[in-house]
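Structure record follows, encoded as structure tokens.
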Amino acid sequence: MLLLTLLLVPVAFATSIAVLKGFGVNIGRKAAGGLATVVFALSFFQVVYISTLMTGRMTEFYPWLNMLNLSFSLILDDLSLLFAAAIAGFSALASAYSIIYLKAHKHPLGAELYFANLLLFEVGMLGVVLSENIIQFLLFFEAMNIPAFFLAYFWGDKGGKEAAMKYILYMAVGASLLIGGITYLVGSTGETSLFELPARIAEVGLNGDLLVAGALFAGFAIKIAAIPFHTWLPDFHGEAPTPVSALLSAVMIKLGAYGWVRIVFPFFPSVIEGSSGFLAVLALLTIGWGGYMALSEPDFKRLLVYSSISQVGYILFGLATLTSIGVSGGLLHVFTHGSAKFLLLLVAGSFIYSVHRRKISELGGLAGKLPATATLALVGALSISGAPPFGGFQSEWRVFVGGMERASSLALYGTEWAFWTVMTWIGVLLTALTAAYYMWTVMKILYGKMRPAFVDASESPSLMLVSMGVAGFIALLFGFAPGIITAYTDRFAQLMVIIFSG
Amino acid sequence: MYEFLNWLVPLAGALLTPVIGRRRRPAEVLALLTVGVSAASSLILLLNFEEGLSTLGLPGLTFGVRTDALSVYMAVIASTISFLIALYSIEYMAKDSAYTRYYFFFQLFVGSMVALVMADNLLQTFIFWEMVGLCSYALIGYWYRKASASRAGLKAFLTTRLGDTAFLTGIVLLYANTGTFSYEKISEALLENPSLQGLFLVGGLLIFWGAVGKSAQFPLHVWLPDAMEGPSTVSALIHAATMVKAGVYLAARTVEIFHVLPQWGLYIAYTGAFTALLAATMATVNNDLKRVLAYSTISQLGLMFAAIGLLIEEGLAGGTFHIFSHAVFKALLFLSAGAVLHATRLNDLRKMGGLRRKMPLTFAVSLIGILALSGVPPLNGFFTKELIISASIHGNLLVFALIAVTSMLTVFYGFRWLALVYLGDARSREAEHGHDPGLLMKIPLVVLAVGTLLGGVTMGSLSSFFEVRLEGISVVGLLLSGAIIGTGLVPAYLFYYSRTLAPDILTRGRLGGSIYRMLARGYYIDDLYLGFVKGFIGVSRAAYARIENAVIDGFNYLLALLAKLAGGELNTLVEHVFFSRGTIRAGGRAIIMGDGAIKFDFGVIDGAVNGVMRVLLGLGERLRRVQTGVLEQYVFIVSVAAFFLMSLVLVLSFIGA
């Protein structure tokens, strides 16, 4: 029941809030927000508690579609444990932050429904990482788009409606690719368990199927917003309510990476091995193009989103190396980047809240008025730029060691050796681009003369500061104790790499 | 224990500063105390020297520390000089209100620098190396409301970062091939497996590039002169005790690994010697009180690299010992400059003059500093520079020639600086207000001056500490030094002391004028980089507007436009388009008809895209229609697009296989 309650409790609360609302009972912004925050926080501690009980993996099966011989099956292993903790934890912070943020972003539907949607959104994401069978995985993967759509459509900024439409269309395309691939796999193997499928796929000889592998890879690539499937992201994250954007960047898009390592990589090892060079190029293109566009983005919030696109490239690069340290580093980057980007988006939200502006050219000299927020902005920016002692550095160097180890496993001074060496070097070089656009932006927003319009600006309210402070602490914590994450990712990566080394 | 105290205590002090440093006095005392503990424990290590490795295990985190001659020596320099600067800071920063931030980064700076030199492996060195960079960023841009200061901080951070990317690549390359970050084990791996020499050469050069950035060597030297935007104490910290010395330390440390690769040493020696000359020429014409000293630092660091790169014992000793001499006399010079700045608020040498009478003590210590910089016996600079010159004669004559010319120029710009600041009559009202600083600032000045005067005494014990055997100074060497000093001193004397020659005699002509302008602009290197950066950003802006928003994002909308047309809704579309923008119709038709290849104007596409977007996802009633009507078509079309991209993936992966 431990896993099932993770999903059921938020659903129950979301439903109750909606039903009450239907009967005209408004419990109010603070009550709904507080309730949601508590639910998320309890889920987080429940996940932590489960991790202490867990040996290997934990599974739960419930009767579901008997006709199809399909049960509702939940699993928690090394990988999904980390994702589940991140989803619940960041949701709690985002929800606490929203209580204040919504004061300035009202909608006739009322704040209660916002929190109901937030609860459902968390369930959608949790369901993805807790699913043991692929059909259920797909259902949750698509279901989470619905609350996300509503959150942006109703509570988003000016362009929220248009961006939400764009989002749902892109996701529909991704879904069509995933549905096509998955139904084909299930149809030809008669197996639905994510953990049985790799062996069955190899048995029926589909493990080298380029088309299916490509469809699934692209389906997840749309979610993670790899180049050139990325243009929905700046629009959607830019216009969604800021705490939701933070959640989207920190965890939701990373579920695409989860799909890669859970499905695409183990299902089609030979395809992945053959195309790992291509994946590395795609990764660097994503890093480079995302960063290069961030350099020109005039809107602070959208800049952060372009940076997310760019950073996702490091995850892919780490995975593409197919070395245990690279894969582990790539997965670590999910969390180090997640914490820092979450923090930065909340900082952007605080600026919107305090001075009602998001254009970089309209901000300036804020360090004097919002010193704590400014310090946190610097923490986030430095962490993503890969500067020690923050978390970003810990994941990035592992990713690059992965690239060089891949090179050193090949014939010395050969073409492929040169390819991986140069790719890694470009990857490291691109961290300077990240530092450039972040520090440049930080300078323009925080330093220099304060604008006269901000004379009355005041520091963010304390609840917002607490949410940001916790995120900043996590970003710093990962820098000193990456072992919290790598204890799990190392184990997972070693198991995964075995598939590739034969 | 002391090998941990000397860096952990300042780091802990930094963490404590925001807590107990809310008021000024506790913050100052805390900084003095922690940096003092660091200096004391470094000195204890020096006196009870014992080589060894030790580790400190925290949960999930292990620090490896190496105590050997080099690390202890560097730790002593960094911590003791920093202690004097901390003492000086109390008076110098007395009127500044952001002291919490100042002392936080000050202690973090010192702690990271000492940790950097004590680290027993490359990764740990790199971590603290980056933290040193972060502190310099924060301290250079300390007065963040001043646009030039925050820009200088950014420039320092990004320029050194560029070098650091090479450094990290080098580390990662060596780690992937040896499986260790440890200096000792990496050098063993190279000796065991000589076939890795080519790889190690690449790795070694990449690592050296980290030092190029940090120690402001050509071509990454441009950040250091701008770094003068920070408080003078910070300049002293950066130039004497921390930061730039880290690069020289790294080169000296990695000699242990790469000494078997002569090409590696040659590259370092040439970079150093060339940079030394380049920076010295720039220092001769600069008119900024602190920038002259900054160019001088770049030049002196170049000399150290040149000596280390020779890969002979004498050179290694010369380069390493010069770190010490330079740290003492350059801290002295910067703190004197700080005293001048503190009293007169002047930066421009042309407005100074006559301060000798107003600030006798400052003048006296500055004179000592300049004499040491010029290599006049028996000051500390003489001994170490003598070692460098003699090593270069034995090692590489081209390097020797560059060093000799640099040394002449050093004497010239040193005495020019001294004359412009202190001699003659005051050239502005502010310069008349000069006065010697108070006691807290005087103590460090005097201590450093005494250190400069008597530093030569330590040379014997230094060489036995490093276990190097050095020949005594020969008569030839003395004569050579005399000749160098004389060649530099004579023109300086004629131009700025006796004034028999007007300084602009050389710059009046056309050729002289253009050379002067070139030197004053730093060989236009800064302008070149700025142009590159501007171009890079400009192209990014263009790509953002014309590719990202027009082509990639517009691609889908364009397809939707075609779908609309094919779907028989031409009339509606034309109607909407007609009302929204006249040009769209022409542009859209041109694209659809295929004859638009020549007129392929992105602006039109952009307009068309926006127009279509407005049509498809417009407000009010139209939206509802879109949601039901066009959706499937839209999805279908985007799927087709995704299919094309996937095919591309497949084709490319076939090529790859």
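Assorted remarks:
- The single residue among A:83, A:13 that is under 25 Å from residue A:328 (Cβ atoms) and aromatic (Phe, Trp, Tyr) turns out to be A:83.
- Residue match in the stretch A:87-101 (condition: more than 21 Å from the chain's Cα centre (by Cα) and not β-branched (Val, Ile, Thr)): yes
- Residue match in the stretch A:357-368 (condition: more than 24 Å from residue A:389 (Cβ to Cβ), assigned to a loop (DSSP other than H, G, I, E, B) and open to solvent by 10 Å² or more (accessible area, probe 1.4 Å)): yes
- Between B:474, B:463, B:481, B:498, the distinction of being open to solvent by less than 70 Å² (accessible area, probe 1.4 Å), more than 25 Å from residue B:390 (Cα to Cα) and of a type in the set (Ser, Thr, Tyr) belongs to B:498 only.
- The number of residues in the stretch A:152-183 that are polar (S, T, N, Q) and either in contact (Cβ under 8 Å) with a residue 40 or more places away in the chain or within 8 Å of another protein chain (Cβ to nearest Cβ) (or both) comes to 1.
- Residue B:335 meets each of the listed conditions (1) open to solvent by less than 10 Å² (accessible area, probe 1.4 Å); (2) more than 24 Å from the chain's Cα centre (by Cα) apart from (2).
Each row is one residue, and each column tells you yes or no for (1) surrounded by fewer than 15 Cβ atoms within 10 Å (Cβ to Cβ); (2) at pLDDT 90 or above.
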site	(1), (2)
A:388	no, no
A:432	no, yes
A:435	no, yes
A:456	yes, no
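- Count of the stretch B:114-150 residues which are in contact with a Ser or Thr (Cβ under 7 Å, 6 or more places away or on another chain), open to solvent by less than 20 Å² (accessible area, probe 1.4 Å) and more than 12 Å from residue B:14 (Cβ to Cβ): 9
- Any hit, the stretch A:255-262, residues being among the aromatic types (Phe, Trp, Tyr) and facing chain B (nearest Cβ under 9 Å): no
- Residues being without any contact (Cβ under 8 Å) to a residue 60 or more places away in the chain, within 15 Å of residue B:409 (Cβ to Cβ) and β-branched (Val, Ile, Thr) - total across the stretch B:484-504: 1
- Sub-8 Å Cβ pairs linking a first residue in the stretch A:204-226 that is in a helix (DSSP H, G or I) to a second residue that is charged (D, E, K, R) and buried (at least 21 other Cβ atoms within 10 Å of the Cβ), at least 6 apart or interchain, are A:224/A:254, ordered by first then second residue.
- Note on the stretch A:162-179: residues that are charged (D, E, K, R) and open to solvent by 10 Å² or more (accessible area, probe 1.4 Å) amount to 1.
- Residues (open to solvent by less than 30 Å² (accessible area, probe 1.4 Å) and either in a helix (DSSP H, G or I) or within 15 Å of residue A:329 (Cβ to Cβ) (or both)) located in the stretch A:400-416: A:400, A:401, A:402, A:403, A:404, A:407
- Considered as a group, the residues in the stretch B:1-48 that are touching a Phe, Trp or Tyr at 6+ places or on another chain (Cβ under 7 Å) and open to solvent by 40 Å² or more (accessible area, probe 1.4 Å) include one that is farthest from residue B:75 (Cα to Cα), and that residue is B:24.
- All of (1) of a type outside the set (Lys, Arg); (2) open to solvent by less than 60 Å² (accessible area, probe 1.4 Å); (3) under 30 Å from residue B:280 (Cβ atoms); (4) touching a residue at least 12 places away in the same chain (Cβ under 8 Å) hold for residue B:516 with one exception: (2).
- Test: residue in the stretch B:67-74 that is surrounded by fewer than 16 Cβ atoms within 10 Å (Cβ to Cβ), assigned to a helix (DSSP H, G or I) and in contact (Cβ under 8 Å) with a residue 24 or more places away in the chain: no
- Boolean, residue A:188 is within 14 Å of chain B (Cβ to nearest Cβ), among the hydroxyl-bearing types (Ser, Thr, Tyr), part of a helix (DSSP H, G or I) and farther than 30 Å from residue A:343 by Cα: no
- The number of residues in the stretch B:87-102 being within 12 Å of residue B:27 (Cβ to Cβ) and part of a helix (DSSP H, G or I) comes to 6.
- Residue in the stretch B:174-189 that is within 25 Å of residue B:6 (Cβ to Cβ), in contact with a Pro (Cβ under 7 Å, 6 or more places away or on another chain), part of a helix (DSSP H, G or I) and open to solvent by 20 Å² or more (accessible area, probe 1.4 Å) present: no
For (1) in contact with a Leu (Cβ under 9 Å, 6 or more places away or on another chain); (2) of a type in the set (D, E, K, R); (3) over 15 Å from residue B:4 (Cβ atoms), each residue gets a yes or a no:
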position: B:72; (1), (2), (3): yes, no, no
position: B:75; (1), (2), (3): yes, no, no
position: B:87; (1), (2), (3): yes, no, yes
position: B:100; (1), (2), (3): no, no, yes
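- Number of the exception - residue B:50 against (1) over 20 Å from residue B:135 (Cα atoms); (2) out of contact with any strand residue (DSSP E or B) (no Cβ under 9 Å at 6 or more places or on another chain): (2)
The values are calculated or read from the model by the stated rules, or taken from the named source; none is laboratory data. All values derive from a computational prediction rather than experimental measurement. Note that each Cβ is placed from the backbone with ideal geometry, even for glycine, and that neighbours are counted across all protein chains shown. Note: accessible area is taken over every heavy atom of the protein model, side chains too, but ligands, DNA and RNA are not part of it. Shrake-Rupley method; radii C 1.70, N 1.55, O 1.52, S 1.80 Å.
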